[in-house]
1. Scan 83, 57 and give me the residue that is loosely packed, with under 13 Cβ neighbours inside 10 Å, modelled with pLDDT of 90 or more and over 14 Å from the mean Cα position of the chain (by Cα).
2. For region 24-47, how many residues meet the condition of being farther than 18 Å from residue 72 by Cβ and among the β-branched types (Val, Ile, Thr)?
3. Restricting the search to region 53-83, which residues are assigned to a helix (DSSP H, G or I), of a type outside the set (Ser, Thr, Tyr) and free of Cβ contacts under 8 Å to residues at least 24 places away in the same chain?
4. Of all residues in region 29-52, count the ones that are within 17 Å of residue 65 (Cβ to Cβ), over 13 Å from the mean Cα position of the chain (by Cα) and not in a helix (DSSP H, G or I).
5. What's the number of the only condition in (1) farther than 19 Å from residue 11 by Cβ; (2) surrounded by fewer than 14 Cβ atoms within 10 Å (Cβ to Cβ) that residue 29 fails to meet?
Amino acid sequence: MLFLHADTVLPPGALSAIHRALDTNTALLGGNFRLLFDGQDGFSTWLNGFYAWLRRRGLYYGDSGVFVRRSAYDDLVALSRSR
């Protein structure tokens, strides 16, 4: 399953990359694409650096493409309903 933020543009080959990642590592539950702003202004450049800094620390921001195996999503839904 792919959750894509409304103003996000997937890079070329993104769907193939998702399939490769999930097919290559069966233990992988999901992932996301790094977030890059296309503006040339100083704030966009700063944001690109800031989100790269977050990513290096294992933190991911939702304004991107996030993908997850359907089975993992179903497990989370079932868990939330059981509480």
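The values are calculated or read from the model by the stated rules, or taken from the named source; none is laboratory data. Everything quoted here is computed from the prediction, not taken from an experiment. Counting neighbours? That spans all protein chains shown, and the Cβs are built from the backbone with ideal geometry, glycine included.
1. Checking each option against the conditions leaves just 57.
2. Of the residues in region 24-47, the ones farther than 18 Å from residue 72 by Cβ are 34-47.
Subset that is among the β-branched types (Val, Ile, Thr): 45.
The qualifying residues number 1.
3. Answer for region 53-83, where residues must be assigned to a helix (DSSP H, G or I), of a type outside the set (Ser, Thr, Tyr) and free of Cβ contacts under 8 Å to residues at least 24 places away in the same chain: 53, 54, 55, 56, 74, 75, 76, 77, 78, 79, 81.
4. Qualifying residue count, region 29-52: 2.
5. In the conditions (1) farther than 19 Å from residue 11 by Cβ; (2) surrounded by fewer than 14 Cβ atoms within 10 Å (Cβ to Cβ), residue 29 misses (2) alone.
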